[in-house]
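The values are calculated or read from the model by the stated rules, or taken from the named source; none is laboratory data. As the structure is a computational prediction, the values presented were derived from the model and not from experiment. As a convention, Cβ positions derive from the backbone with ideal geometry for all residues, glycine included, and neighbour counts pool all protein chains shown. Side chains are part of the model used for accessible areas, which takes the heavy atoms of the whole protein and leaves out ligands, DNA and RNA. Shrake-Rupley method; radii C 1.70, N 1.55, O 1.52, S 1.80 Å.
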Amino acid sequence: MEKLSIKPSASGLVRIDGGEKFGSALRRSQALDREGRAEEACRMRFDAVQRLDDLLGDDPVALDWADGATRSCLELIYASAADHFAIGDAEMAAALWERLLELDEEDHTEAVVMLAFCYVELEDYDCFDDALFDISSKSPEYSLLTLWREFRRTGGIDVDALRALRTRHRAWYDEFTAGEHPADEKYMAECRGERASASTEARELWFATVALWERHPDFIEALRRA
């Protein structure tokens, strides 16, 4: 078995020597997803994340995103967090995304956005406020998160955030209030390309969060009625 260790990289960050094993686990799990074996894929990712966590230990470590094998480890953590988010385990999803942010302070995967969605579902508004601080107030995610927080807290709609979503981020408003969200060939082609349109980016966020709205469909209905 290939030995795993952590070593300093030229950047001063840390790379995982032997990290190709985790990249291989990620690719194998993605192949299982394509075969419709989602439960096996999720288990494979989580088992790999646990092995990675054992390797890293409890001491603070900043991993080197520029190192390909190490980057795969970070992507693996993100994917496992998304797995737990999809099945309604927001607490584990949040713990994994928090761990990812500890390891990648520059947040190359933009995990803070999904973490903020988790915090609202968990009704941890102090942590939510901390996460929202790291999200641009000019972004569509900021407007959606503000709407989600207000609805979760009060059952109402933040009119300022709704106005911002409708006027500044129309593609996201249209996507989140649409009746259908097809993953058609045009969408898939843009996802594979280098530059996605606003509508494709909005649909990517919809698919990333759809499990949340399946658990809380009243939020989407409130957006449509507002």
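Scanning region 31-77 for residues that are acidic (Asp, Glu) and either modelled with pLDDT under 95 or closer than 21 Å to Ala93 by Cβ (or both) turns up Asp33, Glu39, Glu40, Asp47, Asp53, Asp54, Asp58, Asp59, Asp64, Asp67, Glu75. Looking at region 22-65 only, could you name the residues that are open to solvent by less than 60 Å² (accessible area, probe 1.4 Å), at negative phi and not hydrophobic (A, V, I, L, M, F, W, C)? Scanning region 22-65 gives Gly23, Ser24, Ser29, Arg45, Asp64. Residues of region 142-157 that are outside any loop (DSSP other than H, G, I, E, B) and open to solvent by less than 40 Å² (accessible area, probe 1.4 Å): Ser143, Leu144, Leu145, Thr146, Leu147, Trp148, Phe151.
Out of curiosity, is Ala161 touching a Phe, Trp or Tyr at 6+ places or on another chain (Cβ under 9 Å), surrounded by fewer than 20 Cβ atoms within 10 Å (Cβ to Cβ) and not charged (D, E, K, R)? Talk me through it step by step, then tell me what you get.
Values: touching a Phe, Trp or Tyr at 6+ places or on another chain (Cβ under 9 Å): yes; surrounded by fewer than 20 Cβ atoms within 10 Å (Cβ to Cβ): yes; not charged (D, E, K, R): yes.
Yes, satisfied.
Look at Ala69 and say whether it is within 28 Å of Thr209 (Cβ to Cβ) and either in contact with a helix residue (DSSP H, G or I) (Cβ under 9 Å, 6 or more places away or on another chain) or surrounded by 21 or more Cβ atoms within 10 Å (Cβ to Cβ) (or both). In short, no. Is there any pair with a first residue in region 12-32 that is among the acidic types (Asp, Glu) and a second that is assigned to a helix (DSSP H, G or I) whose Cβ atoms are under 9 Å apart and which are 6 or more apart or on different chains, and what are they? From residues that are among the acidic types (Asp, Glu), the pairs are Asp17/Ala69; Glu20/Gly68; Glu20/Ala69; Glu20/Ser72.
Summed over region 135-163, residues that are closer than 24 Å to His108 by Cα, under 18 Å from the mean Cα position of the chain (by Cα) and among the charged types (D, E, K, R) total 1. Pairs are defined by a Cβ separation below 7 Å, a sequence spacing of at least 6 or placement on different chains, a first member in region 198-222 that is within 18 Å of Ile157 (Cβ to Cβ), and a second member that is open to solvent by less than 20 Å² (accessible area, probe 1.4 Å) and aliphatic (A, V, I, L, M); the pairs so defined are Trp213/Ile220. Within region 169-186, residues that are β-branched (Val, Ile, Thr) reach partners that are open to solvent by 30 Å² or more (accessible area, probe 1.4 Å) with beta carbons closer than 7 Å, at six or more positions or on different chains, in the pairs Thr177/Arg224. Taking the criterion of being modelled with pLDDT of 90 or more, aliphatic (A, V, I, L, M) and either open to solvent by 80 Å² or more (accessible area, probe 1.4 Å) or over 22 Å from Glu123 (Cα atoms) (or both), the residues of region 190-226 that qualify are Ala198, Ala202, Ala226. Taking the numbered list (1) open to solvent by less than 70 Å² (accessible area, probe 1.4 Å); (2) outside any helix (DSSP H, G or I); (3) small (Gly, Ala, Ser) in turn, Ala131 passes all entries but (2).
Any residue at all in region 105-124 that is more than 25 Å from Glu150 (Cβ to Cβ) and in contact with a strand residue (DSSP E or B) (Cβ under 8 Å, 6 or more places away or on another chain)? Break it down stepwise before answering.
Going through region 105-124, the residues more than 25 Å from Glu150 (Cβ to Cβ) turn out to be 105-106, 108-109.
Filter again for in contact with a strand residue (DSSP E or B) (Cβ under 8 Å, 6 or more places away or on another chain), leaving none.
The answer is no, given that none of the residues of region 105-124 is more than 25 Å from Glu150 (Cβ to Cβ) and in contact with a strand residue (DSSP E or B) (Cβ under 8 Å, 6 or more places away or on another chain).
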